């Protein structure tokens, strides 16, 4: 399942081409893209089913519609992908083959298999994680159909919410840790000093999390760049992260990582004034529980 919104057509086609032979059916859900005619043409080229929302409803709503639509195919697993994600050859089969080697009691407790993005490809290992991204989420269809999607989050942190709810339903998320796909988060900014600091920061916080809760909080698959999200996205990250923190669906460590590193990139690109505006607005709305789409100035 691929959600689109004004995609780079070259990357979108690479996404479709990479997954076409690995799944039974690709479902494309579009959120009112300006280049929708091109998206429809590429979807037809690769034999996809196409759903047009007609407005930018956000990623969680689009995924919800896609999951409901997929019922006609009676799927066992559903793979979520971003429009610019590219899946390695035989990655899905490789993940499911590893899953099949597990004892039945453990397979019954797994709700999500997350496709890793880390080298090497041939030496995969499996470990439990608490959070991951929507893109690369291979979720059991029966679980996807009962877990509510956080539609009012619109975009950021809706994946955190989904993963927390999967845990609440008693299921585990297992990261298949090897190079299975490429997925870009935000716009990469070359800041070597901050990259090394972030890598150390995540390692230390993960060790704290393992010692206290028995599993890693986030996979340490960090590119050699700091990922930049614009002030609009930063607002959603602050607001929705704070809401999840107050609901105890996100822990303090994850909250600190998301806010701190995104803020540094916004400060570097957009300056202190825009950073402060997005942060304060997100903080106020997060504390008041305000959700939904909001276009900030």
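Things worth noting here:
- Whole-angstrom gap from region 86-101 to region 230-276, using each part's C-alpha centre: 33
- Alpha-carbon centroids, region 120-156 and region 1-20: separation in whole Å: 19
- Distance in nm between pseudo-label sites at residue 184 and residue 38 (7 Å out along the Cβ direction from Cα): 1.4
- Multiplying the residue separation of residue 119 and residue 100 by 0.36 nm and subtracting their alpha-carbon distance yields 4.6 nm.
- Computed extension gain for residue 169 through residue 288, at 0.36 nm per residue and net of the alpha carbon distance, reaches 40.1 nm.
- Paramagnetic label zone (point 7 Å from Cα along Cα-to-C-beta, residue 146; backbone N under 11 Å) in region 160-179: 169-171
- Region 1-184 - percent relative contact order, Cα under 8 Å, separation 6 or more: 27
- Packing, taken as the mean count of other beta carbons within 10 Å per residue, orders the peptides 65-74, 140-149, 3-12 from highest to lowest as 3-12, 140-149, 65-74.
- Computing FRET efficiency as 1/(1 + (r/R0)^6) for residue 25 and residue 276, where r is the C-beta to C-beta distance and R0 is 51 Å, gives about 0.65.
Values in this text are rule-based calculations from the coordinates and carry no lab data. Since the structure is predicted, the reported quantities are computational estimates derived from the model, not experimental observations. Cβ atoms come from the backbone with ideal geometry, glycine included; neighbour counts cover every protein chain shown.
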